[in-house]
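Nothing in this text is a laboratory measurement; each read-out follows from the coordinates by a stated rule. What you see is a predicted model, and the numbers here were worked out from it, not measured in a lab. Here Cβ is always computed from backbone atoms with ideal geometry, including for glycine, and neighbour counts include all displayed protein chains.
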Amino acid sequence: MEPRISDPRTNDRIRVPEVRLIGPNGEQVGVVSIDAALRLAAEADLDLVEVAPQSKPPVAKIMDFGKYKYEAAQKAKEARRNQANTVLKEVRFRLKIDDHDYETKKKQAVSFLNGGDKVKAMILFRGREQSRPEQGVRLLQKFAEDIAEFGTVEHTPTIDGRNMVMVIGPLKSKSEVKAEQNAKRDAAKAEAKAGKATTAPAEAAAPAPAAEKTTK
């Protein structure tokens, strides 16, 4: 396979007179000639990989380059798997909201925050309600206090046209939440697989019934 441009230089592609060498177990060997470094890598049946080409002299490490590339690809795959974008979810209120509706809105917000999303709490003012913004501030502050266990206020209540808005951010990022969910799912799969492997059919373990004697 042809090396990619982004790959570090390895073995005879390292064209410098000397390198600062790191051994296969991370030990500092010191500055050696490139020929000596290549010989040590060959004796260990490993590769010589240039890990810091900008250093003077460049730093090279003796390692299994194929294994290194595989592990790097796995890490990148896991990072992509856990990558997620935070979404701004909207929860709307009326200034005169009853307790049932308020609890429903609160549950929605908690669900969004636990999922790693932000919550935009919005009060929709009607008619003369716009002349009483302090009531809207009190309602949003109460809302923030009620869900403080799940999120923190990122933007305090502000007037936005005929509405008042406040933004609450989650305590855990979307990526952290997704990583935890993936870890739990993987653990559950592994547990289920282990359970199947250790459970033997009861019939195989039970002794065969003794034959009944016939009396004449």
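Of all DSSP-defined beta bridges confined to region 1-64, some 80% are antiparallel rather than parallel. Spin-label model, residue 99 to residue 69: label points 7 Å out along the Cα-to-beta-carbon direction sit 6.7 nm apart. Each Lys and Arg contributes +1 and each Asp and Glu -1, all at the Cβ; summed about the Cα centre of region 1-64, the dipole is approximately 320 debye.
Computed from the C-beta positions of residue 190 and residue 27 and an R0 of 30 Å, the FRET efficiency is 0.30 to the nearest 0.05.
Restricting to DSSP loop positions (anything but H, G, I, E, B) with no more than 12 other Cβ atoms inside 10 Å of their own Cβ, which GluC sites (Glu not before Pro) remain in region 51-155? Taking region 51-155 and a limit of 12 other Cβ atoms within 10 Å, the loop GluC sites (Glu not before Pro) found are 149.
Label region 68-165 by shape, choosing from rounded, prolate and oblate, from the square roots a ≥ b ≥ c of the eigenvalues of the Cα gyration tensor; if a/c is under 1.5 it is rounded, and otherwise prolate applies when a/b is larger than b/c, oblate when it is not. The shape class here is prolate.
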